[in-house]
Amino acid sequence: MLFSSRASWSAAELTARLEIDARTIRRDVTRLRDLGYPIESTTGPYGGYALGPGGRLPPLLLDDDEAVAVSVALGEISRAADPTLGEAAVSALTKLVQVLPSALRQRVATLGEMTVGLGRPAPVLDGAGGNAATDMGTLMALASACREEQRMRFDYRTGDDVASRRHAEPHRLVSLKRRWYLVAFDLDRADWRTFRVDRITGPVLTGAPSEPRQAPDAAALVAMGVAVRVYDVQARIRLHIDPAGAVREISPTIGVLEPAEHDATSMVAVIGGDADWIARYLVGLPFRFEVIEPDEVRTEVRRLAHRMLRQHPAPTMVK
């Protein structure tokens, strides 16, 4: 952009430099103003265009969706990365927000305020890794509904390919690995529900405000649905490790952590899956654990332990 190298240009200079006519110049200036750049114009023989106050930073060579995606990614990195990379991400995000036009800056702020990050990996918006792509327009519509506390209707298709029209009060968006989830109060079912955003289409605000109600922990609700409720077997495991260590070792896609009663040095994990899979996962943990329930998981752990002892017996002592 020429205004990044010099604040003011005459109309004749711009037409000669860009090799376009005056009408095209006026059209492009109008577009820049629509994007939020303060382009001022003067008329007369020496008339031209100038970049007004607050517009001296260079423009982003990103469209709106790209700018929002980069902002989200930087926010996730700043939250989950090591301190050095995290600080750099915070710095980059601050600079990015400063050069965004006001309307786009508001979109980024809305999505950031209404999103809860869950887990270490950063989310993506392009469907990488075999997941369906998340539509940016849908994501922003849901974020706006959460912020404005308005009811909305949308079409939803479950994992079993059952389609329905939902009437809900959106609460928060949750990013988990490469997926996004909406936590909302389902008015037809009179309960809190989680919805995968890539399965939502046609979101429309109804104009009715959401009812004041006690909201759940959005991240915990999504974690419980992903790691536990979809499985028939749900095990409760006492982990003999401090809370910080448990958070490091147990991914939210594996289990949901709860504090242990009357014991600040251990945690309880709720893990879903087949009994043999849960047992194999547990025996690989680098700390002591106890299976609280169910018995079938406890039995599988014992079976694995006996098999390991048979396959790796103690060496015979030579007298």
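Bear in mind that the values in this text are calculations on the coordinates, not laboratory data. Everything numeric in this text was worked out from a predicted model, so none of it was measured. Cβ placement follows ideal geometry from the backbone for every residue including glycine, while neighbour counts extend to all protein chains displayed.
Below is a table of values for the structure above.
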{"read-out": "0 to 90° range, to nearest 10: angle between helix 295-311 axis and the chain longest Cα axis", "value": "70 degrees"}
{"read-out": "Arg172 long-range amide H proximity, modeled H, under 5 Å", "value": "Val183"}
{"read-out": "Least to most buried among Thr201, Thr110, Thr316 (fewest other Cβ within 10 Å first)", "value": "Thr316, Thr201, Thr110"}
{"read-out": "With at most 12 neighbouring Cβ atoms within 10 Å, loop GluC sites (Glu not before Pro) (DSSP) excluded, longest segment of the chain", "value": "20-260"}
{"read-out": "Folded to 0 to 90 degrees: helix 64-80 orientation relative to the chain principal axis, Cα", "value": "40 degrees"}
{"read-out": "Exposure proxy ranking, count of Cβ atoms within 10 Å, fewest first, for Trp9, Trp277, Trp180", "value": "Trp277, Trp9, Trp180"}
{"read-out": "FRET E, pair Leu304, Glu261, Förster distance 22 Å, beta-carbon r, rounded to 0.05", "value": "0.20"}
{"read-out": "Calculated FRET value between Gln98 and Thr253, using beta carbons and R₀ = 30 Å, to 0.05", "value": "0.30"}
